[in-house]
Amino acid sequence: MPMSWAPGKRPVFVGAGSTMVRRYMPRSHSANAKDAATAAIADAGLKIEDIDGIFIWADPNWGPSAVGDPKVWLDVAHVMQVMPWKNIKFWLQPEAVAAGSCSGIQSAALALGAGACNYALVIRTGHHPAGVRYRQISSNRAAGNAAFTQPYGHGVGGSGQAVSYQAYLSKYGAKRESMWGYVGTAHDNAQLNPNAVWKGREITQDDYLNARLIAYPMNIFDNDMPCDGVHAVVMTTEDRAKNTPHPGGYMSGMAAINWELRSTGAAETLENLEDMGKRMADNMYASSGFSAKDVDVKHVYDGFSPMVWMWLEAFGFAPKGEAHRWAQPETIGLKGTDPLNMSGGNLGNGRVHGFTHVLECAQQMMGTAGPRQLEKVTVGTVETGPFGNGSCFLVTKE
Amino acid sequence: MPIQTTMAPYGIMPVSTADTKPIWDGAKEGKLVVLKCSDCGFLNWPPQPWCGGCKNPDFNKEWVAVSGRGTIYCWYICHDTSITGYEEKVPYAVLLVELEEQKGLLVMSNLLNFEYGTLGEGIENGAAVEVVFDKASDDIFVPQFQLRR
């Protein structure tokens, strides 16, 4: 049974705002958060006193920071302090790292639909301070489960994905070179996104294929760039949205990853990960009443490039084992038959942990995506989180 | 690439804890020991507070030695130097080995005693491997794998 909402209470996007996404931005992410939130509220035609709910998937999933450290975290407590809020009634902060950026949207939608609040801000930061090496592992001892992975020198950026990527390449006869189809498309799309970290810094296929190796078969361009930037959206209910300038993207379905399918091992097998991803996608479709063929605004998480192929197959956009052939510019490019990750995604826009997909989906559905705006916009989906993790939602234009 | 006969000195040393002591004790004696659920027979690696097979948090635990034989499930070659103590070892292979006792039971390893290329040339998924125990300290012997001949 599809999920249902009381008459007039379907949650919907009404505003979006963003800062630039840049490496080592010389300002605090508190200031960035204020700018992005202010822009999103203005875009919705609202005032700060209208906002009565705040929803943040806050864990930076990064580096040597204490929980809640305001230098790195942008959590609810932080956002509450940097804006002159007047009427906050409710907030939620989903904590599971793997829940991903969609979980903030899911929380907001459920609260709006149930009437716990009426105008919700959902916000997310990426932040990477200068002078700290990303994903540095500097402990010289490993206990617990880490004792069975880290002593092998396992754990550099993307290494958890490199294993399933190599398994995919081997199983389906795919070539690493084919990944340029996605990486190049992400970088092309970034050229049309004024906020993207890669705008104005174009790379070629040769650049990609000869880039510094990290965990082969993955190289530096297969990993998103840690950077600074904040994205925000405003959501409300259908009845209230009628008074806003460009509502679009009515919440129709959602799901979260099926970890009950996990078994054991130093890692899950590719087959097990595929089962988990497909189960989540099927649940999202069932909760919405739509299917893969209905979706024309497609977003899948691309913090690490190999996940794109795996998610495309899990969501039924590409045939199983065929995404490496399918995900090429003539199909997934902005002018292709099945445009994908129009903002440039994590790889082109920068590492805001999947919220770039949320922001872009909201803008596409609201018709405010500017030079990236698709003509055909009826059903949109977003998945955020690495393969085997994450959450997702489906929205409709009308 | 030169053949790696050992990964020692280990930049990150495994620590034996109450939950994992039988594994390290077994390794010191040259045995690959895993946590078996004696209710359903499922082998759990690494040990976890529930059985991955029957999902019972109160499962009856049994430490058993397995053959140490398996096949390469997949691999990658680490070129990045962001792990302290491994900077001088790159590039090196990291494998997931599927033990022959149970489908999907993946154990991590490097690949010792075999010459492979910096892009993993020569390493094949499905290749037969066997465990060896790499001395990391007087008490810790790290399970590692080499090709079976």
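Bear in mind that the values in this text are calculations on the coordinates, not laboratory data. Worth saying up front: this structure is predicted, and the values here are computed from it rather than measured. Note: ideal-geometry Cβ built from the backbone for every residue, glycine included; neighbour counts use all protein chains shown.
List of remarks:
- The H on the amide N of A:G253, modeled in the peptide plane, is under 5 Å from the matching H of A:L394, each at least 5 residues off or on a different chain.
- Charge sum, other residues only, whose C-beta stays under 9 Å from B:L106's C-beta, Lys/Arg counted +1 and Asp/Glu -1: -2
- Mean residue ellipticity at 222 nm, helices only, chain B: -1500 deg cm²/dmol; runs of at least 4 DSSP H residues each add -39,500 (n - 2.57), and the sum is divided by the number of residues.
- Pairwise FRET efficiency - B:L119 versus A:A6, Cβ, R0 = 56 Å, nearest 0.05: 0.45
- Neighbourhood charge, 12 Å Cβ-Cβ cut-off, centred on B:R148 and excluding it, Lys, Arg +1 and Asp, Glu -1: 0
- Computed helical MRE - 222 nm, chain A, DSSP H runs ≥ 4 contributing -39500 (n - 2.57), nearest 500: -8500 deg cm²/dmol
- Straight-distance crosslink candidates among lysines, where the alpha carbon sits under 23 Å from A:K397 and sequence neighbours closer than 8 are dropped: A:K9, A:K242, A:K293, A:K298, A:K335, A:K376
- Taking θ as phi - 60° and the Karplus parameters 6.51, -1.76 and 1.60, the scalar couplings of region A:348-353 work out to x, 7, x, 7, 10, 6 Hz in sequence order, x denoting glycine and proline.
- Compactness of the protein assembly as shown was expressed as the Cα radius of gyration divided by 2.2 N^0.38 Å, which yields 0.99.
- Sorted fewest first by neighbouring Cβ atoms within 10 angstrom, A:F148, A:F290 come out as A:F290, A:F148.
- Distant-in-sequence amide contacts of A:A215, defined by a placed amide H-H separation under 5 Å and a gap of 5 or more residues or a different chain, comprise B:H79.
- Amide H partners (placed H, <5 Å) of A:T378, local residues excluded: A:D296, A:V297
- Count Lys and Arg as plus one, Asp and Glu as minus one, and take only other residues whose Cβ is under 14 Å from that of A:E398; the net charge is then +1.
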